[in-house]
Every structure is written in C-alpha cells, then in structure tokens.
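Input: a single structure, listed below in structure tokens.
The values are calculated or read from the model by the stated rules, or taken from the named source; none is laboratory data. Values in this document were obtained by computation on a predicted structure and should not be read as measured data. Every residue, glycine as well, gets a Cβ built from its backbone with ideal geometry; the counts of neighbours run over all protein chains shown. Heavy atoms of the whole protein, side chains included, go into the accessibility calculation; ligands, DNA and RNA do not. Shrake-Rupley method; radii C 1.70, N 1.55, O 1.52, S 1.80 Å.
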Amino acid sequence: MHGGVRTLVVAGLAVTVVAAGFLQVVAAGPQQQAGTADTASVSPQRALLDRYCVTCHNGDFVRGTDEPRSLLVSQLRAVGLALDDVDVDHVAEHPDVWEKVVRKLRVGAMPPQPRPRPDKATYDAFRKWLEDELDRAAEAHPDPGRTQAFHRLNQTEYRNVIRDLLDLDIDVGEWIPADAPDRHGFDNNAGALSLSPALLERYVSAARKISRLVIGRPPAGGAVIQTYDVPLNLLQHNQQSEDLPFGSRGGAAIRHHFPVDGEYRIQVRLRTNYVGYVRGIDEAHEIEFRLDGTRIGQFTFGGEAPGMPAPISFAGNIRGTDDWESYTLHADDGLEIRIRVDAGPHVIGISFPRETWEPDGVLQPRQTGFALAINDMPDSNPALGSVQLSGPYSVDGPGDTPTRRKVFSCTPATAAAELPCAREILSTLARRAYRRPATDADVQTLIDFYEVGRREGSFDQGIGLALERLLADPDFLYRIERDPVDAAPVTAYPVGDVELASRLSFFLWSSIPDDELLAHAERGTLSDPDVLEQQVRRLLADPRATALVENFAGQWLHLRNMKSVYPDPLEFPEFDENLREAYQTETELFIDTLLREDQSILELLSANYTFVNERLARHYGIPDVYGSRFRKVTFDRGEHAGLLSHGSLMTVTSYPNRTSPVLRGKWVLENLLGAPPPEPPPDVPTLEEKNEDGEPLSMREAMVMHRENPACAVCHAPMDPIGFALENYNAIGQWRPVSEAGTPIDASGTLPDGAEFEGPSGLRDLLLDRPDDFVGTVTEKLMTYALGRGLEYYDAPTVRKIVRDAAGEEYRWSAIILGIVKSNAFQMRRSDS
C-alpha cells in the first residue's frame with residue numbers, strides 16, 4: 001500500500017487500484033512479478049503500454065539475435081519498435097519511436113486482433129496525449145530538416161523549364177529518360193536524382209538539339225522522320241478531338257514543332273490487321289488533312305478492290321488473287337502530301353468526314369484481343385493507324401517562331417552591335433536559367449562560347465553555341481542550396497530569398513520562377529509574409545499550376561499508372577483506349593476544379609459530382625451525355641463517393657483479370673490514411689481461388705482463408721475490410737452487384753478499432769469522420785512533394801500544426817499549401833554536421 005494505491009500480482013498481471021477509483025491493468029514484467037518494482041510510480045500511459053503493447057514490442061523480440069521462432073517475431077524485428085525500454089513519460093528523448101506509435105494508432109492497427117485492446121476513449125486519449133507531447137517538444141527544439149545541396153531537374157521539370165525559358169514546348173522523352181518514383185512515391189526526391197556519366201551525355205545531347213530548334217537551324221543530318229502511332233484499341237467512331245472539325249470522325253490531332261521554314265511531307269497510314277491488310281476499304285471513303293484547322297488535302301480511297309478476295313476472317317492464311325492482295329496491302333500508299341510549313345508549333349489534323357449508318361444483319365460483338373489483331377474487317381469504317389512527318393526537304397530560313405522572339409530580345413544591325421546584343425541576350429537567359437542574378441563570370445563564360453560560335457558561323461550560331469553551354473551548366477541542371485560559410489554545424493538557418501523563389505516555383509509549377517517572382521527574390525522582399533502569400537496565390541491562379549494535378553496528384557493517386565494498365569481483353573472486352581483517356585481526364589479535371597475553386601480537401605471524398613464525356617458516361621450508366629466534350633454531372637447526395645467512385649483509381653488498384661481488395665486497401669491506407677502496412681514477409685502463400693469441392697471462391701472467401709495465418713492477419717486486418725468496401729467496382733471501375741464467383745457482393749467491413757462501414761459511401765463517411773487524419777495524409781504527401789525529400793519524424797508536428805490551422809478555413813487547398821510554404825521546413829534548412 002503506497003499512499004492510496006494498492007497493487008496485487010495475480011497470474012502475471014499487476015492490477016493497480018488507484019485512489020481515484022479506476023483500474024489500471026498491466027502485464028507484469030519479470031521485475032514486477034518478482035516484487036522488485038514500485039508499481040505505484042507507473043504512469044497511466046506506461047501502464048497502458050505495458051498492458052497492451054509490450055507483450056510483443058519488447059527488446060527480447062525486436063533486438064534478439066537468435067533465429068526467429070515465428071513469422072511474427074520476424075515482422076517485429078523488421079519493424080524494429082521496442083517500447084519496454086523507452087520512457088513514455090519523456091517522449092522528447094525518443095520522438096522517432098513515438099511518432100511511429102502515433103502512425104500505428106492512426107488506423108487502430110495495434111494491438112492486432114484477437115489481442116485485448118483498450119476502449120476507444122482510452123485509445124484516442126492516449127494518441128492525443130502523445131501528439132500533444134511530441135508537438136510541445138518539437139516547438140521547443142524545431143528541426144526543419146536538411147534538403148540535398150544538389151537537386152537535379154527531373155524529366156518533367158526539364159521539359160517545363162525549357163517551355164518557360166525558351167517558349168519551346170516539346171516532348172523531351174526521347175532525349176531525357178523518365179525518373180522513377182522513390183519509395184515515397186514521387187520522382188522529384190533530390191536524394192534519388194543522381195547524374196551518371198551516361199545521363200550527363202543525354203543532357204548535353206539534348207542541349208545541342210534544343211539549341212538548333214531555338215535558333216532555327218535544320219536538323220543535323222538533313223531530313224528527319226517522326227512517326228505518331230495511334231493505338232490499335234482506340235475507337236474512332238466520333239469526333240476525336242476539339243482540334244478536329246465538328247462532323248468529323250476518328251483520326252488524330254498532332255502538335256508538332258517544325259524546326260525551320262521549309263517543305264515537309266505528311267504521310268498517313270490506315271489501320272491494318274496483323275499482315276498489313278488495310279481495313280475498311282470495301283466502300284469508298286474520304287480522308288482530310290488539316291494544318292492549324294485549315295484543310296490542306298483531301299483523298300478518296302477504297303471501293304475499287306479488283307480480283308477475288310480472301311475468305312472473310314481467313315485473310316493472311318488463305319490468299320486472294322494477286323491483284324486483290326496488292327490492292328489491299330497498298331490501298332493507303334498515296335495518302336500523303338508535301339507542303340511548305342512555317343517554322344514553329346503547329347497542329348496537324350487527320351480525320352474522316354462522319355458517315356451515318358447502322359449495321360444490319362446479326363450484330364457482332366466488338367473485336368478485341370486476338371480478333372482485333374487478326375480480322376481484316378473490310379466492311380468496317382477505316383481508321384487512322386499512324387501519321388509520319390518528315391523533312392525538311394528544302395529550307396527557306398529560320399522563321400519567326402515564338403521561341404526566337406523569346407530569346408532574341410535584340411537584333412544587331414551592324415557588326416559592332418553584335419557583342420552588346422549577345423551580352424544582353426545571354427545575361428537575360430542566364431538570370432532566368434540559373435534562377436538567380438547572373439554574375440559577370442557567368443555571362444563571360446557564355447560570351448566566350450558565343451565568340452567561338454560566331455567565328456565559325458553567324459551571330460545566330462554564336463548564340464546557339466552559348467545556349468548549348470548554358471543548358472549543360474550545373475547551375476541550370478541543378479537547384480543548388482549552399483550552407484552559409486559561418487553556419488555552425490547542425491543548426492537551422494533561413495534559406496535566402498532566391499532559394500525560396502525556386503522552392504516555391506518548382507513546388508507549384510514544376511518550373512523556374514517567372515520574372516515577377518525572381519524580382520521579389522532579388523529585392524529581398526519575398527520572405528515578407530504578406531508578399532509571400534500574395535505570390536503563392538498568384539502562382540496558384542496561373543495555368544502553370546496544373547503541374548500540381550499532373551505531377552503531384554498523378555503520382556500521389558497513382559494516376560500516372562493508367563498509361564501502363566492493360567486489363568485482360570477476354571475478361572473486359574469493353575475496355576479501350578478511349579476509356580483509358582477518359583478515366584485520366586475525369587480525375588485530372590476533378591482535382592483541377594478543386595484547386596482552381598479553392599475547395600476543401602474533404603471535397604476529394606464528399607463531392608457528389610464528376611466530369612464525363614459520352615464514352616465515360618456510357619461506362620458509368622449515366623444517360624443523356626453525348627460527344628467527346630467533358631462536362632460536369634451531379635449525383636443525388638450520398639450516391640457518389642468522390643475519388644472512391646473514380647474508375648481510374650479502381651483500375652490502377654486491380655489486377656488485369658480481377659479486383660484486388662489487398663491493393664485497394666493498401667492504396668487507401670497509404671494514400672488516404674497515411675498508415676501504410678509493412679512490407680509482406682517472404683514466402684507469402686498464394687491466394688486460393690477454389691474451395692475443396694473445386695467451386696470458385698468469392699474474393700472475400702479467399703481472403704478469409706488467407707487471414708487464417710496469424711502472421712498474415714496482422715497486416716490484412718486493417719487492409720482487407722477497406723478493400724472489400726470497394727468490391728462493387730470491378731477491375732475496370734464499373735459497378736457490379738455480383739462477384740467473379742457469381743455471388744452477391746458483400747461490401748461490409750470492420751476495422752480493428754471496431755469501426756463498421758459498408759460500400760464506398762460507408763468508407764467515404766468513415767474517412768470524413770476522421771478529417772484530421774485524411775487531411776493530414778494529403779498534407780504529408782504534398783509536403784513530401786514540395787520539399788523534394790521524404791518526411792521524417794521531426795516533420796510530423798509541422799504537419800499536425802498545418803492541419804490544425806487549416807481546420808479553421810475548412811481545410812481549403814490554399815490553407816494547406818500556404819501552411820507548407822510558411823513552415824520552417826520550407827523556409828529553413830539544417831546545416832551539415
């Protein structure tokens with residue numbers, strides 16, 4: 001008995017009766033059982049951990065060196081979280097440990113079933129206490145973290161910088177390889193953006209090619225050929241693009257940069273089967289060529305096949321007569337024109353005049369897979385297979401392109417005026433390319449290269465060689481942040497305004513600062529809070545802020561993966577390239593609208609609207625939507641679950657032939673709740689697809705069998721119920737009432753903390769009931785993207801503060817983005833050790 005506290009040890013449990021009148025039940029450790037510990041001094045939080053956590057999370061299991069006795073012990077060692085020898089009453093001593101605990105508590109993952117758990121009020125109170133203690137400790141000792149000193153431009157940023165620096169919008173993918181996302185899911189992490197000698201050669205080669213495009217020199221080696229292929233599975237029944245005329249069908253609108261004024265050839269190839277037989281030539285058809293919307297050519301083809309054709313569906317296996325074979329293989333040989341084109345960006349449009357007809361006879365299912373490649377389909381509508389642009393075959397001059405107008409700010413009239421003009425051009429380019437005031441040494445280096453080029457050719461060639469040098473300069477390829485020379489080791493310091501401007505523009509635009517932002521940085525006014533907020537809002541209102549949708553959201557939501565998804569055509573014959581493109585556009589338009597209108601981040605889940613065109617509306621079963629244009633459609637309140645109803649996200653979280661509750665559950669845990677499950681252990685057994693009688697199992701039945709393994713259940717308990725809630729969407733995002741096994745979908749679920757929900761709307765409501773957790777996860781992802789580094793334990797208090805402050809503004813996007821920009825992590829940096 002110690003001051004109103006009485007402790008009993010019964011069967012290994014220490015039961016402490018506190019004078020306040022409530023019980024604390026803790027697992028008695030060896031010292032407690034021996035009666036050596038003073039249990040009266042145990043705090044409530046330590047008692048809670050000892051009762052529910054230390055049984056597994058102790059040093060003997062986690063740090064043991066013997067062979068693991070079970071898969072569970074192996075997992076504990078992989079996690080590396082021991083709680084018996086860290087002081088929970090002084091969380092500031094080990095904040096890295098307690099931030100891991102907070103993350104596990106976020107989704108109620110611990111303790112795992114069927115182990116005993118505290119009631120929800122105790123559970124939530126402990127988490128709140130931990131977070132408050134960690135936040136107080138972080139406020140007393142702020143740590144902004146350390147970004148890499150050298151941050152290379154990734155492929156996307158390189159393209160955007162070239163666009164904004166030189167007014168040259170080109171696809172650099174064939175010159176600069178794409179950068180793979182790091183373990184945090186983003187491709188702009190400075191630590192992962194190395195520069196090998198081979199990659200440096202690619203950048204130097206790209207600089208040479210870009211320089212020629214800028215000054216208007218023809219390609220090295222003469223005429224070049226560029227082919228634009230149209231996917232085989234793209235339906236061409238309707239107007240294919242807003243850049244093609246109303247009343248047209250199929251084809252493509254291609255944006256192409258012509259290097260010089262000159263003559264070019266545009267050649268069209270129609271869609272064929274696998275042996276090259278042109279399809280749709282039983283009847284005569286027309287095809288039109290357009291340049292920037294103006295028709296420049298029209299051809300009639302088909303309807304003149306001579307001789308005896310091969311039997312229908314046997315073309316390629318049984319020959320027709322020689323004259324028929326020759327005609328069918330070469331029916332599109334004459335579909336080409338030569339035309340003079342001015343240098344610069346243009347839109348080449350190829351389309352067919354729309355012919356209205358209905359098939360008669362026995363209607364056939366749409367051709368997919370093997371049949372789509374094999375059948376010759378002579379009586380179908382013809383379709384575009386590819387467009388080949390070649391040239392120039394003659395050169396009339398460099399032209400007056402937007403790029404030349406951007407770069408050549410002056411034109412020397414005399415030889416004496418050339419050097420001052422070159423200095424003006426190159427100093428302007430250097431300031432913007434290096435994202436800082438250009439020094440005399442910077443400009444002189446470029447002038448030296450200019451003079452070499454000028455001696456070998458013209459004024460333009462001198463500028464071109466200097467531009468090559470600039471685009472290969474480390475100050476261009478890297479965002480460089482240097483510690484102050486007098487900074488003490490491991491101390492926080494504010495980054496300069498110039499560095500802050502680059503951080504801001506690459507965060508919101510994935511590109512360089514514009515003149516206004518750079519001018520504020522050079523004057524030293526950007527760090528002023530009012531100026532900084534005004535600039536953030538200005539950048540968000542700029543069209544270049546779509547980079548947040550394409551780059552941030554595209555990677556956070558795995559939307560970029562849509563381009564590489566190929567559902568099984570036997571299981572899902574209705575999936576085509578039109579649906580793939582519509583899925584991506586739907587989600588991008590949705591998120592872009594939320595950003596432009598500065599809606600609440602909660603609207604990602606609560607929105608009862610989406611954006612569809614005719615193809616997508618038909619897939620979703622939405623009536624009265626026609627044409628290729630996307631428009632907003634609204635559902636009755638409660639019918640739609642925001643992002644959770646988007647077919648794009650359901651498709652990228654499925655296998656080619658079936659859904660995956662595991663992939664979907666993991667995606668939600670990782671991207672919406674910020675509590676990713678640990679990596680699966682080795683030798684995980686495969687999922688059973690049939691029961692003992694050979695009958696197909698529903699996905700839920702198969703996962704129940706899988707979770708019978710206790711080691712599997714630890715991860716699957718919080719993951720599978722979330723995935724099951726989305727089972728009504730098949731592997732291509734279409735609503736279905738029954739599963740692959742033909743049984744009714746059971747979309748109900750219960751999380752380890754007892755939270756119950758059913759279907760996408762139930763999961764949506766569950767997430768919206770935890771707004772700080774959901775918004776906190778979005779903030780973590782956005783902050784990771786903004787800083788170009790993975791978040792560490794010392795960043796968690798910053799995230800929680802941003803979310804708390806944004807709650808008063810309804811969690812609007814601007815509140816979160818401004819919170820990140822105003823944070824110490826964004827405006828400061830830790831010096832090297």
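Here are the numbers:
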{"read-out": "Relative packing of 596-603, 123-130, which averages over residues the other C-beta atoms within 10 Å, highest first", "value": "596-603, 123-130"}
{"read-out": "Mean accessible surface per residue for the chain, computed with a 1.4 Å probe while every protein chain stays in place, in Å²", "value": "45"}
{"read-out": "Matching label, Rg/Rh (Cα atoms, Kirkwood Rh) computed from the structure shown, candidates [x] 1.25; [y] 1.03; [z] 1.17", "value": "[y]"}
{"read-out": "Extension reserve of the residue 225-residue 414 stretch, reckoned as 0.36 nm per residue once the Cα distance is removed", "value": "64.2 nm"}
{"read-out": "Helix 710-724 axis, angle to the chain major axis (alpha carbon atoms, nearest 10°)", "value": "50"}
{"read-out": "Degrees between helix 440-456 axis and first principal axis of the chain (Cα, 0 to 90, nearest 10)", "value": "30"}
{"read-out": "With every protein chain in place, the chain: carbon and sulfur % of accessible area (1.4 Å)", "value": "52"}
{"read-out": "C-alpha long axis of helix 120-140 to longest principal axis of the chain, angle in °", "value": "70"}
{"read-out": "Stretchable slack from residue 122 to residue 255, in nm (0.36 nm times residue separation minus alpha-carbon distance)", "value": "41.8 nm"}
{"read-out": "Cross-link reach list, lysines versus residue 209, counting only Cα pairs under 26 Å and skipping chain neighbours closer than eight places", "value": "406"}
{"read-out": "Cα-Cα over 23 Å, subset of 104/801; 666/822; 104/666; 666/781; 104/563", "value": "666/822; 104/563"}
{"read-out": "Residue 204-residue 482 FRET efficiency (beta carbon distance; Förster radius 30 Å; 0.05 resolution)", "value": "0.75"}
